[in-house]
Amino acid sequence: EVQLVQSGAEVKKPGESLKISCKASGYSFSTDWIGWVRQMPGKGLEWMGIIYPGDSETRYSPSFEGQVTISADKSISTAYLQWSSLKASDTAIYYCARLLLWFGEKPARYFDPWGQGTLVTVSS
Amino acid sequence: QSVLTQPPSVSAAPGQKVTISCSGSSSNIGSNYVSWYQQLPGTAPKLLIYENNKRPSGIPDRFSVSKSDTSATLAITGLQTGDEADYYCGTWDSSLSAGVFGGGTKLTVL
């Protein structure tokens, strides 16, 4: 069974750093992209970025470029999302998800499965 | 402001049909397949429809999609109270070189 298990909830102060994790199992971690999605309180899903663990190639949404860092350690099948200096506006649930690709009549890229989510609360 | 536009809410009675639209442009829906996700209250999103109208194992055929050039529509027939959830469309945007989601649609089964 393909599964993504995320690290637990975090409470941090503005200006602090943070790294949350997403451990994959049940598939070849190195050969599938894996991504991060933000959901702010009461709001919709926002596509943040993806990483290919095989060579650590990353793609970021313009909205998140420079704001977060996505990384992966293929030796332990784990992806990470990190901040160097948190802001109150980073308060959200963060989901990791495997990105699957298909190239038919048109390309398809979709997330499946999703992790359970990590709640990050940033408050002074 | 999301790149993909969805209605904020839709509603219908049990047993009825409802449709949820997702409008984009030539750089996203016009050149990539759309996927749909269901997010039940308090849970993580779940893949509902992918590629060319495919459903993951366990998703009933009450869920289907149709598409035109730059828009896609999710249809749910035989509505059940358990279908009450937020629904999101998503795809790749070739101009952004990144994925995008719609703003989400809250389905209420009256």
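Listed values, structure above:
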{"read-out": "Residue match in the stretch A:90-113 (condition: more than 14 Å from chain B (Cβ to nearest Cβ) and modelled with pLDDT of 95 or more)", "value": "yes"}
{"read-out": "Residue count for the stretch B:1-24, restricted to those that are loosely packed, with under 15 Cβ neighbours inside 10 Å and part of a loop (DSSP other than H, G, I, E, B)", "value": "7"}
{"read-out": "Hits in the stretch A:41-57 - residues which are more than 7 Å from chain B (Cβ to nearest Cβ), part of a strand (DSSP E or B), over 11 Å from the mean Cα position of the chain (by Cα) and not acidic (Asp, Glu)", "value": "A:TYR52"}
{"read-out": "Top-ranked residue in the stretch B:25-59 [being closer than 19 Å to A:LEU4 by Cα and in a strand (DSSP E or B); ranked as nearest to the other protein chains (Cβ to nearest Cβ)]", "value": "B:LEU47"}
{"read-out": "Failed condition for B:SER97, given (1) touching a Lys or Arg at 6+ places or on another chain (Cβ under 7 Å); (2) surrounded by fewer than 22 Cβ atoms within 10 Å (Cβ to Cβ); (3) modelled with pLDDT of 95 or more", "value": "(3)"}
{"read-out": "Single residue of the stretch B:43-54 satisfying the filter (surrounded by fewer than 18 Cβ atoms within 10 Å (Cβ to Cβ) and under 16 Å from B:ALA75 (Cβ atoms)) that is nearest to the chain's Cα centre (by Cα)", "value": "B:ASN53"}
{"read-out": "Close pairs (8 angstrom Cβ cut-off, 6 or more residues apart or separate chains): more than 14 Å from B:ASP93 (Cα to Cα) in the stretch A:36-65, at pLDDT below 95 and part of a loop (DSSP other than H, G, I, E, B) anywhere", "value": "A:GLY44/B:SER2"}
{"read-out": "Among (1) over 19 Å from A:THR31 (Cβ atoms); (2) in contact with a strand residue (DSSP E or B) (Cβ under 7 Å, 6 or more places away or on another chain); (3) not β-branched (Val, Ile, Thr) - the single one A:SER124 does not satisfy", "value": "(2)"}
{"read-out": "Matching option when the condition is assigned to a helix (DSSP H, G or I) and either within 12 Å of another protein chain (Cβ to nearest Cβ) or in contact with a strand residue (DSSP E or B) (Cβ under 9 Å, 6 or more places away or on another chain) (or both), among A:SER75, A:SER63, A:SER30, A:SER71", "value": "A:SER30"}
{"read-out": "Every residue from the stretch B:96-108 that is under 17 Å from B:CYS22 (Cβ atoms) and in contact (Cβ under 8 Å) with a residue 40 or more places away in the chain", "value": "B:LEU96, B:VAL100, B:PHE101, B:GLY102, B:GLY103, B:GLY104, B:THR105, B:LYS106, B:LEU107"}
{"read-out": "Per-region count, the stretch B:50-81, residues touching a residue at least 40 places away in the same chain (Cβ under 8 Å) and not β-branched (Val, Ile, Thr)", "value": "8"}
{"read-out": "Selection within the stretch B:67-106 - more than 10 Å from chain A (Cβ to nearest Cβ), over 12 Å from B:ILE29 (Cβ atoms), among the small types (Gly, Ala, Ser) and in a strand (DSSP E or B)", "value": "B:ALA75, B:ALA85"}
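The values are calculated or read from the model by the stated rules, or taken from the named source; none is laboratory data. The structure displayed is predicted, hence computed values, not measured ones. Counting neighbours? That spans all protein chains shown, and the Cβs are built from the backbone with ideal geometry, glycine included.
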